[in-house]
Every structure is written in structure tokens, then in C-alpha cells.
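Here is the structure we will look at, set down as C-alpha cells.
What follows is calculated from the coordinates using simple rules that are stated; it is not laboratory data. Model, not experiment: these values are computed from the prediction. Cβ: placed from backbone, ideal geometry, glycine included. Neighbour counts: every protein chain shown.
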């Protein structure tokens, strides 16, 4: 397996098409978003792609990044989004490898902490990657006119703090409601 990272807008067209196809497999009823409506959000994303020995997409994920202010402290925050493994590679360790790669990228980037949501049954999987469950944390995606609150959609927040300031405020972060400011119909 070969893993590559790209900024969203430099993603090769073949990978972009393969990711869109895989996304439709996982979320068949979700329409593709207009890139123009989400340009700022997409500009802040790193895409990690994993290819098999034949160059076919085996899996991918996105690492969105933003800054947030909690109790007058500004933080640089990264998360995971759209973690997908091609069906023929499920339960073979590729997903774990992919999220561990993402964890290392986030940890060594400028992020103070990493946070995202997942379905409750995937908590053990993401714990393998380095995150811990943070059930009191509420993430707000979407837009100010149509917010999407994580506690309203049945997901659990996952958290990992990296920098001294985030580690010093980990309990406060874990008990916060965090607006991600990502754009219409998008939940980090």
C-alpha cells in the first residue's frame, strides 16, 4: 500500500473521481456539495489517499483544519472527515493504518488538538488511532443559519490534545460546545 497526502485542490482528478465513487458507496443518499459554496472549508483540508499495489484507491480520509476560540483561548484544530476504505480492504488493517497516518500528520502539524465525531460503534476503532472518547463535547457543523449539532445526530466526539496549552485545558475543551464554522450541510 502507498499513502499520499494532498491539499484538497491539488488532488489528482483520478483520485478525486475514485473518492467520489467510494463516497457514494458509503453515503448513497448524500448529494455532492458545490465546491464554490465550501471553498474556504475545502482550502483548509488535507486529503490522505491509500492506493493498492495496482494504483487503485484502497481508502481515503480528509483532515479539515480551523481555528476556534474557547474561553478567550485560541486553538488550531484538526479533525477527521469522510474516512472510507474500499469494501475489498475492510477488516484487513488498512483503515487502522490510514487513521494512524492521519494522527501522526495532525500531531506533527500546527494543531493544538484534534476533534471529530463518529458513530458510537466506531469508538474502539478510532481509539486504536490515538483518540479518546469525549462524550461531553458537542461539535456544531453546518452554517449559522442551519447548524448541525453532534449531540442531535447520534455521534460521539473523539479528542486528542497535543500542545501544552491544549493539554493544560483538556478538561475545559472536553466540556465545551465547539462551533467549527465549516459551511452549509457539512458536519466535520
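Just want to confirm a number: the relative contact order over the stretch 2-179, from Cα pairs under 8 angstrom separated by 6+ residues, in percent.
Dividing the mean separation by the residue count of the stretch 2-179 yields 17 percent.
Using a simple spin-label model with points 7 Å from Cα along the Cα→Cβ vector, what separation in nm is obtained for residue 170 and residue 53?
4.1
So for 96, 117, fewest C-beta neighbours within 10 Å to most, what's the order?
In order of increasing Cβ crowding within 10 Å: 96, 117.
Multiply the residue gap between residue 14 and residue 74 by 0.36 nm, knock off their C-alpha separation, and tell me the result in nm, one decimal place.
17.9 nm
Among 151, 72, rank each residue by its count of other Cβ atoms within 10 Å, from fewest to most, as a rough exposure measure.
The most exposed by this proxy come first: 72, 151.
Quick one: angle between helix 13-26 and the longest Cα principal axis of the chain, in degrees between 0 and 90, rounded to 10, please.
70
Could you work out how far helix 94-107 tilts from the main Cα principal axis of the chain, as a 0 to 90 degree angle to the nearest 10?
40
Taking every pair of alpha-carbon atoms in the stretch 2-179, give the share separated by more than 18 Å as a whole percent.
Counting pairs separated by more than 18 Å, the tail of P(r) holds 63 percent.
Run the quick spin-label model on residue 136 and residue 181: label points 7 Å from Cα toward the beta carbon, then report their separation in nm to one decimal.
2.6
What ranking of 50, 100 emerges when the number of other C-beta atoms within 10 Å of each C-beta is taken as an exposure proxy, fewest first?
Arranged by neighbour count, lowest to highest, 50, 100 become 100, 50.
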